Structures are given as C-alpha cells and as structure tokens.
Amino acid sequence: MTDDITALYSSAARSGPPLFFPDPEVPVSFNFDQGLAAPETFPQQQLLRLAQKILERDGAEALEYFDAATGYEELVFGYKGLRTQLAARYLETEGRTLDPRGIILTSGSVQAIALAVNGYVDRGDVVIVEAASFPYALRFMEMAGADVRSVPVDADGLDTDALEQLLIALAGEGRRVKMVYTIATFQLPTGVELSLPRRHRLLELAERFNFMILEDNVYGELRFAGEPLPSLLGLDTSGRVMQCNAFSKTVAPGLRLGWMAGSTQGIGALAGVRQDLGVSQWLSRLMAEFLAEGLFGPHVARAAEVYGRKCHAAASAVREHCGDYVRFREPNGSFYLWLEIDERVDWQRVAELAGKQGLFFRPGERFMGESDGRQYLRLAYSHVSEAVITTGIARLGAILHECARR
Ligand SMILES: Cc1ncc(COP(=O)(O)O)c(C=O)c1O
C-alpha cells in the first residue's frame, strides 16, 4: 500500500469532478454513449500508403522535433507543411486567407481549447458558453478560475438577444468578458446551427464589447443535409474569432491532431503559453500529404454520407418506438440526436432499467451548467451499426413506455 498523497494535489486537481470512466454492471450491447467517428470510415489503406511514402521521402527528418528548414517555430506552431495545407483549405472552403502563424497545431481540438483558455483567461474573467455545452471545455475554464456564465440555445443556436442583455448587465457591473465559446455548427449536444443573422450579430457584439469568440468547429464539415453556412472564422474581419478543429471526427481520433486557426495576433496568445514542444512531426507530415493529394475532401464527403444514413435510421427508429414520450429535431449533420424526454416519464427509472439491459447513453445533465428542470438524453449514433441503432432504440422505446405515467 502506498501513502495517501492526495493532500499534495493542487486545488485544481482536487476541485475536479470524479473522472468518468464508464463501468457498466452488465456487458454493453447498445453503446449510444460516445461521440466517436465510425471505424468503418477510417482511411486505413491510404494512411498506410502515406506512412511509407513519407518515411521514404523524408527519412529521419520526419522523426525530428521540427523541420530544419523552418526551424524552431515548429516547436510552438507545429509542422509548417500541414499549416500551409490547412490554410489552403480555409481559402478554398471559406474564402479566408490565413497566415501559417495564424494556425497552431495541437493534440486534438481539446488541447487547442486548453491553450486558448490559458492564453486569454485570467482568474475572475467572465467566459460565456451555451447553456448546454462540451463538458471538457467547461472544465478548463473552471480550472482557470473563470466566472462561467451561460446563454440559452434555441432552434437557431445561441440566443444573441439574451447574450446582448447579459453583456450589458456584466458591463454595468464592471465585469470583464474575455470569451464566448460556441459550437456554432452542429452544436453539442443539441445539434442546432447558429443562423446566419445570428452569426453576424455575434461578430458585431464581439467588436462592440471587445471579447474573443472561440468557435469549436469539430463537427462543422460533417454535414449531410441543409445548406452549408459560413463559419464564424470565415465571416470574421476583426481578428476576434479563433476556431478550433481537428481530424478527430472527420478522419480518426487516434491521430490526436487538431489546431486553432485565427489571426496571427489571435493565435499569438496560444503560442505564448505553449511549452510542450509541439505535436508529432511524423503524423503532421502524413496528414499534410493526405490534404496535398486531395484525399481529405472526398473522404469527408463519404464519411458525412455514412452519418446521414445512421442519423436517418436513428430518427426513424425513435419516431417508431418512442412515440410521443420524446421530442427532437433531426439534425443536418454530426453524430447525435438530442432527445427531450416527456415529463410523464420517470427518467431515473429509465436510466436504471437501461443500464441493466446493456443500453448505454449519456444523460443530458452532463452537458448542462444549470439544468432547466427538463430531462434530456444524448444519443450518439455515429459509432454503432444501423442494425444496432434500430434494435437498441426499440429497446429504449419499450423502457420509456414501461416508465411512463399514463
Ligand atoms: C464539441 C467538441 N469539441 C471537441 C471535441 C474533442 O475533440 P478532439 O478529440 O479533437 O480533442 C469533442 C469530442 O467529443 C467535441 O464534442
């Protein structure tokens, strides 16, 4: 037995929520819990070929900390070849010109969020988030000592009128708002998209009240319905938007390769706090080649089709089996259905019965800063087969009927 050394933990380590490693009582037969990319979309053959190509072409250079031709800046910003390819893609898809130093490569988009919080938020600064949001991002803000406030989300995304009211109230109290964190396209967990007028309004508010917008765009390219919207970064002219993104949802999460993109000044704050000697030179070269060969666009289009089929299967099964015990909107992209469970349903009992039957999903409370009393379920369809989607949701429907007051 080792001694109890938890008294030595920092206050941040002590204040954290218990780590959430799911440990179900029975084997999981229907896993709707995790928002993971579908393994059948991973481009294994292409990655294998490119891995060999890069090692043969670049030799030991591919295994260094940084490319000698570019030099030390890669210890902070990452491999320039990948940043250049990403910048070319932003120009092609968003019409936005980015400097290679307006992109910093990170270990997944979560590290980009962590660096942004570290680079912008001082203890006591206000950060505004959507009323239900990505728990890992919120945790970084809390660890930085931010005062985290939330704004409601409706069918058109973050409510910019409510945001304006909050900004006015905070300005009246002399509070300093540093950042608004928004998952503008395919919001997590609701799946809604921030409408174009609200995108413009948010950008105006950022200029008027002088705060940064952290746009989380990890799901933005996984659209299978509806018209594409320009990202906030694409619309930004003041340099107040930084966008985090990654290959985690579009290509494969195990690459652990993400980035933050913005103006050179905007990204400068992240560069200023980075001390970990950068990301894998090897995998960055590989993904730069994936983009340079023109493989990324067609790959994402195929992956989005897979999620479109799964989403349709999930939505049809929910309509058929869950009846009027749930309300939901079918999303235009991404990995999830966000189900509001009718108040007649005893939600606690549903969660218990579902767990006992090997049905695994994420209760809505885990995404909420403050709950509005309504009950939600996030159902991830991305990682499971269409057959499992249909039978698993049929079982969920039976449980909802069993746990409802009539
Ligand atoms: C909204 C959002 N941002 C970021 C991430 C994490 O992405 P990464 O694996 O690139 O760190 C996720 C993953 O679930 C997510 O849902």
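Values quoted throughout were computed directly from the atomic coordinates according to the rules given, and no laboratory measurement underlies them. Note that the structure is predicted; figures quoted are calculated from it, not measured. Positions of Cβ are backbone-derived with ideal geometry, glycine not excepted, and every protein chain shown enters the neighbour counts.
Here Ile393, Ile168, Ile5 are placed in order of increasing Cβ neighbour count within 10 Å, fewest first, which gives Ile5, Ile168, Ile393. Ratio of Rg to Rh for the chain: 0.97 [Cα atoms; Kirkwood radius as inverse mean 1/r over pairs]. Exposure proxy ranking for Thr264, Thr185, based on other Cβ atoms within 10 angstrom of each Cβ and starting from the fewest, stands as Thr264, Thr185. With N counted as the residues of the range 240-309, its alpha-carbon radius of gyration over 2.2 N^0.38 Å works out to 1.30. With the simple spin-label model, which puts each label point 7 Å out from Cα in the Cβ direction, the Ala13 to Arg302 separation comes to 4.5 nm. Kirkwood analysis of the range 62-126, using all unique Cα-Cα pairs, places the hydrodynamic radius at 13.4 Å. Spin-label pair Asn210-His401: with each label point 7 Å from Cα along the Cα-Cβ axis, the two points sit 6.1 nm from one another. What is the magnitude of the charge dipole of the chain about its Cα centre, with +1 placed on the Cβ of each Lys and Arg, -1 on the Cβ of each Asp and Glu, and no other charges, expressed in debye to the nearest 20? Approximately 280 debye in magnitude. Among Asp372, Asp156, a tally of other beta-carbon atoms within 10 Å of each Cβ gives an order, fewest to most, of Asp372, Asp156. Scan the chain and report its longest stretch carrying no GluC sites (Glu not before Pro) that are both in a DSSP loop and have at most 10 other Cβ atoms within 10 Å. Answer - 174-369.
Taking every DSSP bridge with both residues inside the chain, close to 55 percent are antiparallel.
Scan the chain and hand back the longest stretch that contains none of the chymotrypsin sites (Phe, Trp or Tyr not before Pro) lying in DSSP loops with at most 16 other Cβ atoms within 10 Å. Excluding the exposed sites themselves, the longest stretch runs over 73-406.
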